[in-house]
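Notes follow once the structure below has been shown.
The values are calculated or read from the model by the stated rules, or taken from the named source; none is laboratory data. All values reported here derive from a predicted model rather than from experimental measurement. When we count neighbours, we look across all protein chains shown, and the Cβ atoms used for this are built from the backbone with ideal geometry, even at glycine.
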Amino acid sequence: MNNNISRRSLLKGVVATGALVGVGASLSEFNLNGLIEAKSDQDKKTEVFHNACPRNCYDTCAILTTVEEGVITRVEGNPENSFTRGKLCVKGNSYPRHVYSPDRIKYPMRQDGRGSGNWKRISWDEAYTEIAKKILSIKEEYGSTLPICLDKYSGNFEIMHYGIEGMLSSIGYTTRAVGTPCWPAGIDAQTFDFGTIYNNDPEDIVNSKYIIVWGANYAWTSVHTMHFIEEARKNGAKIVVIDPILTNTAAKADLYIQLNASTDGALALGMAKYILDNELYDGDWLAENAIGFQEFLGYVKNNITIEWASEKTGVPIYVIENLAREYATAKPANILIGYGMQRHHNGGNNVRTIDALAAITGNIGKSGGGAQYAQLQTWGFNYHAMVHSPPEGSQGGADRAININNFAVDVLNAKEPPIKMMWIACRNPMTQDPETNVVKKAFEAMDLVVTADLYMNPTVEMSDIVLPVTTAFETPGVNVSYWHYWMNINEQAIKPLYETKSDVEIAMGLSAKLNELEAGSCTYPTSGDLEEWVGKEFNQNIYSQFGMKDWKDLKEKGTIKAKKGLIGWEDGKFSTPSGKYELWSEEAAKFGNHQMPIYLEELKAPAQYPIRCISPHWKLNIHSQFQHLDWMESINDKPFIEIHPTLAKKYGIKDNDNVKMFNDIGYVIVPAKLTKNTHPETVVIYEAWYKDKNFNVNYTLKAISSDMGQKATGAPGLAWHDNFVNIEKV
Amino acid sequence: MVQNHKSKHHQNKFRFQFYLIFLKYYRNQLFDKSIWPNVTTLLTDNIVSKDNHFIKIGLSLINDVDEESVNNAIFDFNRLFVGPGKILAPTYESYYRNTEKLPMQRETLQVRRFYEMVGLQVDDLGREPDDHIEHELEFVCYLLNNNNEELYYDFFESHLGKWILNHIYLVLENSKTDICKGMAYIFKGFIELEKEELKYIRGGVTVE
């Protein structure tokens, strides 16, 4: 058949668009909308931008981003940075897919019924209007903005992102999720001992003669640190890893010591006992720099035996003795303290006992030595985006704090006034908080939930309005690390895709709308140049610390290292009340702890839930970030439970059997991976959010507090690894 | 010759009107109770016959829909093309043609070159992918409206025609409403006929 004839029969007589009868202009009018007359200044060149990985990660990498015609074509490590040394990790290398993921949230949208999946696209103006009206009506009804609750944390640690807190401060006194889920017990422990957290430059690890990696898995979570550990080994250092799991880091050690989970303090005190009994301690250093040594000596002599430590930890006596002797006699010796072991109800005390080892051996304040946990020395920004005053006449008196580690319960229990609206940013409580079922209830109890995010996830699913936010590549900023001493500028490499906005732009837009509806109702600036705002974060102290004249100097190489203060406590001036290292801390007692680093009994498994589950970090993600990207899925898209073969046999579980792990609050069903790498009495499920999978280990996790965290972070930590469960084959 | 010219001219007007409807559909401008019935009328009475198998199915699906169906179709439309979840039928060419399956790839820039040929570019270049279906349909409408038939054929052969059926396939696989399904069937029928037409006109050119 002639195709022209076929077409003629297909397309009947109507010709001119204006001639259509009865259909109206709406269907026949054509005008250019998305396309415009080409501009002559189209940018066709290839440029390289400086970026910074803003994730909640030790390494905070300096990135070079190649942009061709406005499109990112490559990311790589910035070789100017001697910590990250021109290399990114598996997650960092996936950044183009993170930016260009087809799953990006592109436009502001409103859900017709929380959890229904029925979304309609709205304009930014509609979004601002609905949110602003709700804020004003809450203020009208309750007399203050306290019913509005902010839950924001570590999704993006770039400094301008504190503008989210600033936005909430600008509308009045609000309720805030306070604290940190990750590391608070250890922070308090070091705060009681040293005055604050202040690790040596991790590049200094190369000067160590003996390194204990205690409860950290850098091979997965800080790949660049591994380089310096390896360099130290080349220089003759011995590498010891202490962990309940034979991690990839442990596999690279000279000595791996597997201990019973949560008994780290017993091992440290057993070592201390050996060191003190054999007079391997540094009396001179202690006399000059510490208080409470005699009391600590008395405690250890009277209460600790190596036999006891061995029994508690499952580590043979001779191993403890050898470890103690080697550690105490190798100078300098370095302990790298991970965050895993402080995620127990006795976690803070565990860290204090380990700190004590460094103190009694005189390893503190020295190159190659130390008890390294983290540092905030390089974070002395102005927090210009964050610091804003409430409007004049704001009621409520002060912000109301609720515990980020028991967020859902605190939200539901809040009274006078109750919490009616939540703003979620840089956070995914539906996957990352304990007691997921309660979290869902808290969301359900709200009048309005607004979530600003990059991708659809279970928290967005439970929101009324979602606001699309920019990636690091689409907005300027500045980043520092809580581990190394570099500062990385983050340049805007490409235009924000679709209708995405940075959190600061969102704050400005909302402020404009609030002021339009009620003049003076929000103090946040309604406009501003974001790059200029980056400059406003700097001050003379930072310039002096980093040897800069102007923040724009950073643009030359993209990354700059602090020029001083690279060895923690080198000057012997501690930030404790006594100014000394405090083996005896009155401050600790004020917060309900013993004055000394003592052994706080580990939690015991109840009879019906006899197995401990620990949920450490997974190699392909940071919490709920990255594992959902297709590249990660192509490496692994199946959550699993690691079980020691001995334990598995007891429950009749074979490799790859489906296992239900449960307790009284929830369950999760995953295939079993039998491995001798895990502890015989501890199962492991790596915490992660897998897209489109009904998996979340936190359904079984109770919000049990750890012993410390209140002083420095405002709320106690969470005992993530004191999760007691049972298992069965299903 | 005159006759031929006129016929060609008419044909481009049909094409233009057809693409225009789908441009407006993908712009989400049709889901309105005052507009939707006209879409059905236009497609049924004026633009397409009921001869084509897919068009026949499509028309039967979009006829006689009530207001609630239109409303549900909006949610379906958003799940398929807008978000905020993973979009079920991605709306840009590079997803289908580039091994990376991402927006903003080589094909996106190739499409940018096409727009430049007639002095056009995407507004706020770099925010929305140039090869987004809305831009490609708008470009096609622009070409047909300006009787630039040759460039339309070129563009269809090198771009739109190379991916749109794969997109429609995903729509048909994932849509839950008669309206979105019906529109996909009609679009499919039209594109297949358009491909045959091109084969006839340009002879020997294979279009995937």
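Tell me, which residue of region A:32-62 that is farther than 24 Å from B:ARG106 by Cβ and assigned to a strand (DSSP E or B) is nearest to the chain's Cα centre (by Cα)? Residue satisfying both the conditions and the ranking: A:ALA52. Taken as a whole, the structure leaves A:GLU516 outside the set of residues that are charged (D, E, K, R), surrounded by fewer than 24 Cβ atoms within 10 Å (Cβ to Cβ), more than 23 Å from the chain's Cα centre (by Cα) and assigned to a loop (DSSP other than H, G, I, E, B).
Would you check if A:MET632 is in a helix (DSSP H, G or I) and either more than 14 Å from chain B (Cβ to nearest Cβ) or not polar (S, T, N, Q) (or both)? So A:MET632 passes the test.
Residues checked against (1) modelled with pLDDT of 50 or more; (2) under 21 Å from A:TYR498 (Cα atoms); (3) at the interface with chain B (Cβ under 9 Å from one of its Cβ atoms); (4) surrounded by 13 or more Cβ atoms within 10 Å (Cβ to Cβ):
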{"residue": "A:ARG7", "(1), (2), (3), (4)": "no, no, yes, yes"}
{"residue": "A:THR17", "(1), (2), (3), (4)": "no, no, yes, yes"}
{"residue": "A:PHE30", "(1), (2), (3), (4)": "yes, no, yes, yes"}
{"residue": "A:GLY34", "(1), (2), (3), (4)": "yes, yes, yes, yes"}
{"residue": "A:LYS44", "(1), (2), (3), (4)": "yes, yes, no, no"}
{"residue": "A:VAL48", "(1), (2), (3), (4)": "yes, no, no, yes"}
{"residue": "A:CYS53", "(1), (2), (3), (4)": "yes, no, no, yes"}
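Applying the criterion of being facing chain A (nearest Cβ under 8 Å) and assigned to a helix (DSSP H, G or I) to the residues of region B:99-117, the residue that is surrounded by the fewest Cβ atoms within 10 Å (Cβ to Cβ) is B:GLU116.
Among the residues of region B:168-182, those identified as farther than 20 Å from B:VAL65 by Cα and surrounded by fewer than 16 Cβ atoms within 10 Å (Cβ to Cβ) are B:TYR169, B:GLU173. Applying the condition of being within 7 Å of another protein chain (Cβ to nearest Cβ) and out of contact with any Cys (no Cβ under 7 Å at 6 or more places or on another chain) to region B:6-23 and asking which residue is surrounded by the fewest Cβ atoms within 10 Å (Cβ to Cβ) yields B:HIS10. Scanning region A:123-148 for residues that are surrounded by 18 or more Cβ atoms within 10 Å (Cβ to Cβ) and part of a loop (DSSP other than H, G, I, E, B) gives A:SER144, A:THR145, A:LEU146, A:PRO147. Taking region A:261-300 as the range and being small (Gly, Ala, Ser) and over 27 Å from A:VAL684 (Cα atoms) as the test, the residues that pass are A:ALA272, A:GLY283, A:ALA287, A:ALA290, A:GLY292, A:GLY298. Has region B:127-139 got at least one residue that is surrounded by fewer than 21 Cβ atoms within 10 Å (Cβ to Cβ), closer than 29 Å to A:GLN492 by Cα and either at pLDDT 95 or above or at the interface with chain A (Cβ under 9 Å from one of its Cβ atoms) (or both)? Checking region B:127-139: at least one residue is surrounded by fewer than 21 Cβ atoms within 10 Å (Cβ to Cβ), closer than 29 Å to A:GLN492 by Cα and either at pLDDT 95 or above or at the interface with chain A (Cβ under 9 Å from one of its Cβ atoms) (or both).
Within region B:31-66, the set of residues being among the aliphatic types (A, V, I, L, M), more than 8 Å from chain A (Cβ to nearest Cβ) and not in a helix (DSSP H, G or I) comprises just one member, B:VAL65. Of the set (1) touching a strand residue (DSSP E or B) at 6+ places or on another chain (Cβ under 7 Å); (2) surrounded by 19 or more Cβ atoms within 10 Å (Cβ to Cβ); (3) more than 30 Å from A:ARG74 (Cβ to Cβ), all apply to B:TYR92 but (3). Here the condition is being over 22 Å from the mean Cα position of the chain (by Cα), within 8 Å of another protein chain (Cβ to nearest Cβ) and free of Cβ contacts under 8 Å to residues at least 40 places away in the same chain; of A:PRO96, A:PRO102, it holds for A:PRO102 alone. For region B:102-112, filtering for residues that are charged (D, E, K, R) and within 20 Å of the chain's Cα centre (by Cα) leaves 2. Assessment of region A:577-600 against the conditions (closer than 29 Å to A:PHE83 by Cβ, assigned to a loop (DSSP other than H, G, I, E, B), modelled with pLDDT of 95 or more and of a type outside the set (A, V, I, L, M)) yields no matching residue. A search for C-beta distances below 7 Å between a residue of region A:317-341 that is surrounded by fewer than 16 Cβ atoms within 10 Å (Cβ to Cβ) and any residue that is in a helix (DSSP H, G or I) and at pLDDT 95 or above, counting only pairs 6+ apart in sequence or on different chains, returns A:ILE317/A:ILE306; A:ILE317/A:GLU307; A:ILE317/A:SER310; A:ARG325/A:TYR274.
All conditions in (1) free of Cβ contacts under 8 Å to residues at least 24 places away in the same chain; (2) farther than 25 Å from B:CYS141 by Cβ; (3) within 9 Å of chain A (Cβ to nearest Cβ); (4) surrounded by fewer than 20 Cβ atoms within 10 Å (Cβ to Cβ) hold for B:ASN72, with the sole exception of (1).
Criterion first (within 19 Å of A:ARG233 (Cβ to Cβ), assigned to a helix (DSSP H, G or I) and without any contact (Cβ under 8 Å) to a residue 40 or more places away in the chain) does A:ASN302 satisfy it? Spelling it out, it is not the case that A:ASN302 is within 19 Å of A:ARG233 (Cβ to Cβ), assigned to a helix (DSSP H, G or I) and without any contact (Cβ under 8 Å) to a residue 40 or more places away in the chain. Residues in region A:149-169 that are polar (S, T, N, Q) and either touching a helix residue (DSSP H, G or I) at 6+ places or on another chain (Cβ under 9 Å) or at positive phi (or both): A:ASN156 only.
Yes/no per residue for (1) among the acidic types (Asp, Glu); (2) more than 18 Å from the chain's Cα centre (by Cα); (3) more than 14 Å from every other protein chain (Cβ to nearest Cβ):
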| site | (1), (2), (3) |
| --- | --- |
| A:LYS649 | no, yes, yes |
| A:ASP664 | yes, yes, yes |
| A:PRO716 | no, no, yes |
| A:ASP722 | yes, yes, yes |
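Would you point out the residue of region A:105-119, among those that are surrounded by fewer than 18 Cβ atoms within 10 Å (Cβ to Cβ) and either of a type in the set (Phe, Trp, Tyr) or facing chain B (nearest Cβ under 8 Å) (or both), that is nearest to B:ALA73 (Cα to Cα)? So the residue we want is A:ASN118.
Only one of the listed residues (A:TYR274, A:TYR256) is in a strand (DSSP E or B), of a type outside the set (S, T, N, Q) and on the phi < 0 side of the Ramachandran plot. That residue is A:TYR256. Surrounded by 24 or more Cβ atoms within 10 Å (Cβ to Cβ), free of Cβ contacts under 8 Å to residues at least 60 places away in the same chain and either among the polar types (S, T, N, Q) or not assigned by TED's automatic domain parsing to the domain that holds A:ASN56 (or both): is that true of A:ALA358 in this structure? For A:ALA358, the condition - surrounded by 24 or more Cβ atoms within 10 Å (Cβ to Cβ), free of Cβ contacts under 8 Å to residues at least 60 places away in the same chain and either among the polar types (S, T, N, Q) or not assigned by TED's automatic domain parsing to the domain that holds A:ASN56 (or both) - is met.
So that you can scan it fast, the table gives a plain yes or no per residue for (1) closer than 28 Å to A:CYS182 by Cα; (2) surrounded by 14 or more Cβ atoms within 10 Å (Cβ to Cβ); (3) in contact (Cβ under 8 Å) with a residue 40 or more places away in the chain; (4) of a type outside the set (A, V, I, L, M):
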{"residue": "A:MET548", "(1), (2), (3), (4)": "no, yes, no, no"}
{"residue": "A:ILE560", "(1), (2), (3), (4)": "yes, yes, yes, no"}
{"residue": "A:ILE567", "(1), (2), (3), (4)": "yes, yes, yes, no"}
{"residue": "A:ASP571", "(1), (2), (3), (4)": "no, no, yes, yes"}
{"residue": "A:SER575", "(1), (2), (3), (4)": "yes, no, yes, yes"}
{"residue": "A:LYS580", "(1), (2), (3), (4)": "yes, yes, yes, yes"}
{"residue": "A:SER585", "(1), (2), (3), (4)": "yes, yes, yes, yes"}
{"residue": "A:ALA605", "(1), (2), (3), (4)": "yes, yes, yes, no"}
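Within region A:72-93, being in a strand (DSSP E or B) and more than 14 Å from chain B (Cβ to nearest Cβ) holds for A:GLU76, A:GLY77. Taking A:PHE157 as the residue in question, decide whether it is assigned to a loop (DSSP other than H, G, I, E, B) and under 30 Å from A:ALA408 (Cβ atoms). Taking the combined requirement at face value, the residue satisfies it.
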